Amino acid sequence: MSATLRQDYEQRRTGAAPAALAQLRAQGAADFDRLGFPTPRAERWKYTSLAPIENLPLTPGANDPLPAALLAGADRVVLGAKIERSVGALPGGVYLGSIADAPAAARALLGTLASSETEALVALNAALANDALVLFVPTGVALTRPIELVVPARPGVASYPRLLVVLEANASATIIERHEGAGAGFVDLTAEIALGTGARLRHWRVQAAGEARRIVTSAVRVGRDASYRAFTLTLGGRLVRNQCDARIDGDGGEVELDAAYLIGGDSHVDTTTRIVHGAEHGTSRQTVKGVLDGHSRGVFQGKVLVEQGAQKTDGYQLSRALLLSRDAEVDVKPELEIYADDVKCSHGATTGRLDEDALFYLRARGIPADEARALLVEAFVAEAIERVDDETVRDALLALAAGRLARDQRELAT
Amino acid sequence: MLEIENLRAVIDGKEILKGLTLTVPTGEVHAIMGPNGAGKSTLSYVLAGRAGYEVTGGSVKLDGVDLLSLEIEQRAAAGLFLALQYPVEIPGVPTTTFLRTALNSIRKGRGESDLDAIQFLRVLRQKTKALGITEDMLKRGVNVGFSGGEKKRNEILQMAVLEPKLAILDETDSGLDIDALKIVSEGVNALRDPNRSMLVITHYQRLLDYIVPDRVHVLAQGRIQRSGGPELARELEAHGYAEFGGEREAAA
Ligand SMILES: Nc1ncnc2c1ncn2[C@@H]1O[C@H](COP(=O)(O)OP(=O)(O)OP(=O)(O)O)[C@@H](O)[C@H]1O
Ligand SMILES: [Mg+2]
């Protein structure tokens, strides 16, 4: 027997949860009941249909109801139906764990950054979240080891992981998020991120290929002179949506939202972002590169909004897609909305095919056609991956992208 | 030995090569001169196998191998090298990666093992110095941000690394200043070899003062109209192509 997402929702919304989540869940359920799933009439959902999620058959009772903590060697947290935490000694005052025991300063922020009132998938997440993983780094503390978060998708299972990251003044941290699992499962992740004055967060995300449906909604607030840099590498997935709404709240804040996706088959990958400059001297950077084969579809909706007082804003946005097959498609909608008069903002969007002259040149030097193609595609995505300012992570991402291309070549050869 | 016989090629329904016959014996350097639009670059592209050119007749053999039946990369593996009139820029693919991948592909065809990064750099260092190609240029994307002259030198570097049996140089001298012309010519002369043939396409006698050819051919209206020794180039410089039905080229 299987259930639809809607039935699964009805069954789980009344389930047990930590007291710290009670208000969030109640509000989320009320909001989701009112909003329902977004339809293509909603502006931000024009190009992405949620039918593959609504119709996904789920196995009832496949969800573990409550989180459990698990402590061991590496700084690794699995955000499954339960939070499995294996983290070494953390610097004093740093908290990484369930919302239940989180510092009050962090708890107070839960549900205040991501809007369940207007975002249906945030509401759904809120309604069904079993727990929330909190990373809290107090003033002046630098977390040198990255925190690795594993977000699994299991076949027939819907999961609603929730993340809250609070970096106080001049604190710093790196989060590596690995979205794993190739089976037909659904993950609705909501992340809320608040960066205090001078704080610095690096947020690197890798999403595995396969049949998973993943909706990621991040809401980020960047304080004065704080810096949030994120990169997402998507290697596939039946339906993937990476939405990030970032707001620069303090003067001199910086946001960088980069992404690259390499997809084929029936993959659908949607990158929807909104960067609001609400303070002076802010900087935002965005490079999104997509490589599409088969019948895959890419969506990029990127809005940059500069509020009236946000003078001296420096905004840059580039979206480029490379179509490798006739049946692949991409919808690109960059948007600039500027209410300040002294700003520097630019954006560009291109969609193209492999450069035949370059391909000829490589082959004329003896490089076989498939290898030549892979070289060109790798070079294309590298331009985005190179934005990652951590050499180890950057090399790992480049290797993952190259591996993905090598796998495609083998598939074509067989 | 390169043997082209009665080659005909069409592009966009227009016949450009109209029964071209030419032989370049192993170890010899031949020059092709001819008016703009005569079909010189077309000939080089047809030999290399570029898409868009339809061969409607004739044959091309390199050391007995039928080039026209091979894929582009197989022709390179068979020993053909074409230095392009307009080298292509490839952002994001570093020159070293490009060259190592190319060399290893060609070595594979010759039944030789791959060179690792260190072995390759050793090979490369020897060859870059004489051509005045810097480390920085090697790190950059292929030809990206290179000046016209640097692009041409990069073509010669590739030829030096890949060691082809037959090299076609399509106007490698165009856009070079006097010093660069010397560097490039010396690079080419250093690669003259009893086992290597070269076909040098040029508009200018000047290049042939440095790279002295064994034979000079005039290509006009899709055919070799006349062949002779190096003195033919001087004659063309003086009288132009009028007798072949073409216009005299304006001096650069
Ligand atoms: N894609 C094309 N479509 C139509 N005609 C073409 C195309 N490419 C080349 N041609 C024509 O083919 C003829 C030969 O061109 P080609 O480039 O081979 O001349 P060339 O001898 O190399 O000239 P140049 O000395 O100027 O380099 C020209 O008339 C040119 O216009
Ligand atoms: Mg030409």
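Within the option set A:V393, A:V381, A:V377, being open to solvent by 10 Å² or more (accessible area, probe 1.4 Å) and either of a type in the set (V, I, T) or modelled with pLDDT of 95 or more (or both) holds for one residue only, A:V393. Just one of (1) out of contact with any Lys or Arg (no Cβ under 9 Å at 6 or more places or on another chain); (2) under 30 Å from B:E243 (Cβ atoms) fails for B:Y86. It is (1).
Confirm whether A:A246 is part of a strand (DSSP E or B), in contact with a His (Cβ under 6 Å, 6 or more places away or on another chain) and surrounded by 23 or more Cβ atoms within 10 Å (Cβ to Cβ). Judged against the criteria, A:A246 is not a match. Assess whether B:Y45 counts as being within 11 Å of ligand 1 (Cβ to nearest atom), modelled with pLDDT of 95 or more, within 11 Å of another protein chain (Cβ to nearest Cβ) and open to solvent by 20 Å² or more (accessible area, probe 1.4 Å). Against the criterion (within 11 Å of ligand 1 (Cβ to nearest atom), modelled with pLDDT of 95 or more, within 11 Å of another protein chain (Cβ to nearest Cβ) and open to solvent by 20 Å² or more (accessible area, probe 1.4 Å)), B:Y45 qualifies.
Of all residues being open to solvent by 80 Å² or more (accessible area, probe 1.4 Å) and over 29 Å from B:Y45 (Cβ atoms) in region B:114-136, which is nearest to the other protein chains (Cβ to nearest Cβ)? Just the residue, please. Checked region B:114-136; the qualifying residue nearest to the other protein chains (Cβ to nearest Cβ) is B:D114. Scanning region A:332-368 for residues that are touching a helix residue (DSSP H, G or I) at 6+ places or on another chain (Cβ under 6 Å) and either away from chain B (no Cβ under 14 Å) or closer than 25 Å to A:Q301 by Cα (or both) yields a single hit, A:L354. In summary, B:I224 fulfils each of the numbered conditions (1) among the aliphatic types (A, V, I, L, M); (2) over 18 Å from the mean Cα position of the chain (by Cα); (3) at pLDDT 95 or above with the single exception of condition (2). Taken together, B:G37, B:G109, B:G79 contain a single residue that is away from ligand 1 (no atom under 16 Å from the Cβ), of a type outside the set (K, R) and surrounded by fewer than 19 Cβ atoms within 10 Å (Cβ to Cβ), which is B:G109. Among the residues of region B:164-207, the ones that are in a loop (DSSP other than H, G, I, E, B) and either more than 16 Å from ligand 2 (Cβ to nearest atom) or within 14 Å of chain A (Cβ to nearest Cβ) (or both) come to 7 in all. Look at region B:158-181: where a residue is within 16 Å of ligand 1 (Cβ to nearest atom) and a partner is aromatic (F, W, Y) and open to solvent by 10 Å² or more (accessible area, probe 1.4 Å), sitting 6+ places away or on another chain with Cβ atoms under 8 Å, you get B:D173/B:Y204.
Number of residues in region A:369-395 that are within 7 Å of another protein chain (Cβ to nearest Cβ) and not in a helix (DSSP H, G or I) equals 0. When we screen A:G156, A:G237 for residues that are farther than 19 Å from A:G298 by Cα, in contact with a Ser or Thr (Cβ under 7 Å, 6 or more places away or on another chain) and small (G, A, S), the only hit is A:G156. Restricting to region A:271-287, give me the number of residues that are closer than 16 Å to A:G237 by Cβ and surrounded by 22 or more Cβ atoms within 10 Å (Cβ to Cβ). Looking only at that region, the number is 1. Looking only at region B:79-97, which residues are more than 7 Å from every other protein chain (Cβ to nearest Cβ) and over 15 Å from the mean Cα position of the chain (by Cα)? Listed by number, the residues that qualify are B:E89, B:P94, B:T95, B:T96, B:T97. As for region A:396-405, it holds at least one residue that is out of contact with any strand residue (DSSP E or B) (no Cβ under 7 Å at 6 or more places or on another chain), assigned to a helix (DSSP H, G or I) and not hydrophobic (A, V, I, L, M, F, W, C). Report yes if B:G57 is within 15 Å of ligand 1 (Cβ to nearest atom), surrounded by fewer than 22 Cβ atoms within 10 Å (Cβ to Cβ) and of a type in the set (G, A, S), otherwise no. The answer is no for B:G57.
Number of residues in region B:201-216 that are within 16 Å of ligand 1 (Cβ to nearest atom) and surrounded by fewer than 21 Cβ atoms within 10 Å (Cβ to Cβ) equals 4. The condition (being more than 12 Å from ligand 2 (Cβ to nearest atom) and under 20 Å from B:V200 (Cα atoms)) is satisfied by just one residue among B:A51, B:A76: B:A76. The set of residues in region A:134-183 being among the basic types (K, R) and either in a strand (DSSP E or B) or within 13 Å of A:L201 (Cβ to Cβ) (or both) consists of A:R162, A:R178. Find the residue count for region B:140-163, including only residues that are within 13 Å of chain A (Cβ to nearest Cβ) and more than 18 Å from B:E186 (Cβ to Cβ). Of the residues in that region, 6 qualify. Within region B:98-108, the set of residues being more than 16 Å from B:E155 (Cβ to Cβ) and more than 7 Å from every other protein chain (Cβ to nearest Cβ) comprises B:R100, B:N104, B:R107, B:K108. All conditions but one from (1) outside any strand (DSSP E or B); (2) away from ligand 1 (no atom under 11 Å from the Cβ) apply to B:A31; the one that does not is (1).
Checking each residue in region B:20-31 for being open to solvent by less than 10 Å² (accessible area, probe 1.4 Å) and out of contact with any Lys or Arg (no Cβ under 6 Å at 6 or more places or on another chain) picks out B:L22, B:V24, B:V29, B:A31. Pairing residues of region A:1-17 that are open to solvent by less than 40 Å² (accessible area, probe 1.4 Å) with residues that are among the charged types (D, E, K, R), at Cβ distances under 7 Å and at least 6 apart in sequence or on separate chains, gives A:L5/A:E54; A:A17/A:R25.
The values are calculated or read from the model by the stated rules, or taken from the named source; none is laboratory data. This one's a predicted model, so the numbers in the text were calculated from it and none came from an experiment. Neighbour counts are summed over all protein chains in view; Cβ atoms, including those assigned to glycine, are modelled from backbone coordinates with ideal geometry. Heavy atoms of the whole protein, side chains included, go into the accessibility calculation; ligands, DNA and RNA do not. Shrake-Rupley method; radii C 1.70, N 1.55, O 1.52, S 1.80 Å.
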